[in-house]
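Taking it in order: structure first as structure tokens, then the write-up.
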Amino acid sequence: MTDFINLASPGIKELRPYQPGKPIEELERELGLTDVIKLASNENPLGASSSVHSSVQSSLADVARYPDGSAYLLKNKLSEFLGVTTNQLTIGNGSNDVLELLARVYLSSNNESIVSQHSFVVYPLVTKAIGAALKVIPAKYYGQDLEATFEAISERTRMVFIANPNNPTGTWVNNSDLTEFLDQVREDVLVVLDEAYFEYVQEAEYPDGISLCEKYPNLVVTRTFSKAYGLAALRIGYSVSHPDIADLMNRVRQPFNVNAMSMVAALAALDDQEHVDKSVELNSRGLRFLESECDRLGLAFIPTVANFLTIDFSRDAMPIYEALLHEGVIVRPIGVYELPNHLRVTVGTAEENQRFIKTLEKVL
């Protein structure tokens, strides 16, 4: 019998499929539960705005038509909103799609990417899938050590991934440290700055990566509509880069990689910044609540600027995760990130946050 596993590319064989947060419906089927809450996937508890719902509903009349493969309207809206040119933009099926496009264009078996320990699992995934080498830098206080990252750059290095803030730790890199790093990096090394949680950060020293693109042509910034804009189910994100980088990414991008409803929703979401502001304020209040309750319970946590809190239980967290599941509360175990004693908890509504804490007290 043919061994199809061994026929695969070497980089593919060692990969494990990405494991998303457990869906509510799956837990309801498994345990016969109702009234399940999900705080596992860093989704916006307010969902999408009402204007997004209306726009998507209106777009259904054209569901038999192919979408605009050039994303003309969305690119022009983003160009105006971000202060960039349309030829700097690449639109993807979520920002993960954009990360994969970058890997396909610039990584090969002849070069390598650099990532931080505890950084987003998709960076190693897209690197190894291409057959490129992966260099992992030990984390510093659970975050990216930029000094060590720079020192690790070799002649083979083609790409450095920086998540700011990082998932799943919520740690972040400030403006002065980032610009100092960019000043030192060779121009033939792409620095990919993943700003999926950009809208949630309220720190004065947090950098706006897109504003740095003009000075640093090797900088690529990725963002998403999945988090603060509440469009996770529609899968739409984008990158801002030097036009030549965007041109190459668009050469390998699948035709119609983003569906028409996603683009319509993104256009409506950009026009409703009030909804984003409400989402950010809800998140800020929720974070303060969860942090104060962890202090009360004597639980350590990693300081965060994103829309989740990573809690340290100082022991294997999987039994706690399983106990929470049986109470109808889904959070995220992160042993795959070398954090087996931690659980990542998305900030929910006030009611969901309170239920999580109450249930956590019960299972502990």
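Residue-by-condition table, conditions (1) touching a Ser or Thr at 6+ places or on another chain (Cβ under 7 Å); (2) modelled with pLDDT of 95 or more; (3) not in a strand (DSSP E or B):
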| residue | (1), (2), (3) |
| --- | --- |
| M159 | yes, yes, no |
| I162 | no, yes, no |
| G170 | yes, yes, yes |
| V173 | no, yes, yes |
| E199 | no, yes, yes |
| V221 | yes, yes, no |
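The strands (runs of 3 or more DSSP E) found wholly in the stretch 32-148 and carrying at least 2 residues that are without any contact (Cβ under 8 Å) to a residue 24 or more places away in the chain and either of a type in the set (F, W, Y) or more than 22 Å from R332 (Cβ to Cβ) (or both) occupy 133-137. Run down E352, E281, E338 and say which single residue is surrounded by fewer than 19 Cβ atoms within 10 Å (Cβ to Cβ), without any contact (Cβ under 8 Å) to a residue 60 or more places away in the chain and not assigned by TED's automatic domain parsing to the domain that holds S95. E281 is the lone residue from the list that is surrounded by fewer than 19 Cβ atoms within 10 Å (Cβ to Cβ), without any contact (Cβ under 8 Å) to a residue 60 or more places away in the chain and not assigned by TED's automatic domain parsing to the domain that holds S95. Restricted to the stretch 320-335, and to residues that are surrounded by fewer than 15 Cβ atoms within 10 Å (Cβ to Cβ) and not charged (D, E, K, R), which residue is nearest to N42 (Cα to Cα)? So the residue we want is G335. The selection criterion, being buried (at least 18 other Cβ atoms within 10 Å of the Cβ) and among the polar types (S, T, N, Q), does not hold for S9. Here the condition is being surrounded by fewer than 17 Cβ atoms within 10 Å (Cβ to Cβ) and either in contact with a His (Cβ under 6 Å, 6 or more places away or on another chain) or not polar (S, T, N, Q) (or both); of G298, G286, it holds for G298 alone. One residue stands out in the stretch 119-144 among those that are out of contact with any helix residue (DSSP H, G or I) (no Cβ under 9 Å at 6 or more places or on another chain) and surrounded by fewer than 20 Cβ atoms within 10 Å (Cβ to Cβ): the one that is farthest from T169 (Cα to Cα), namely P124. At least 2 residues being farther than 24 Å from D97 by Cα and at pLDDT 95 or above is the threshold, and among the helices (runs of 4 or more DSSP H) wholly inside the stretch 228-330 those reaching it are 273-297, 318-326. Within the stretch 12-31, work out how many residues are under 23 Å from F356 (Cα atoms) and either free of Cβ contacts under 8 Å to residues at least 40 places away in the same chain or β-branched (V, I, T) (or both). Residues flagged as under 23 Å from F356 (Cα atoms) and either free of Cβ contacts under 8 Å to residues at least 40 places away in the same chain or β-branched (V, I, T) (or both) within the stretch 12-31 amount to 8.
Tell me yes or no: at least one residue of the stretch 304-319 is buried (at least 24 other Cβ atoms within 10 Å of the Cβ), among the basic types (K, R) and not assigned by TED's automatic domain parsing to the domain that holds A163. The answer is no, given that none of the residues of the stretch 304-319 is buried (at least 24 other Cβ atoms within 10 Å of the Cβ), among the basic types (K, R) and not assigned by TED's automatic domain parsing to the domain that holds A163. Inspect all residues belonging to the stretch 98-106 and state whether any of them is buried (at least 20 other Cβ atoms within 10 Å of the Cβ), among the basic types (K, R) and assigned by TED's automatic domain parsing to the domain that holds E195. Taking every residue of the stretch 98-106 in turn, none turns out to be buried (at least 20 other Cβ atoms within 10 Å of the Cβ), among the basic types (K, R) and assigned by TED's automatic domain parsing to the domain that holds E195. Inside the stretch 1-31, residues that are part of a loop (DSSP other than H, G, I, E, B) and over 30 Å from G131 (Cβ atoms) make up a count of 2.
The values are calculated or read from the model by the stated rules, or taken from the named source; none is laboratory data. These figures come from a predicted structure and were not determined experimentally. Counting neighbours? That spans all protein chains shown, and the Cβs are built from the backbone with ideal geometry, glycine included.
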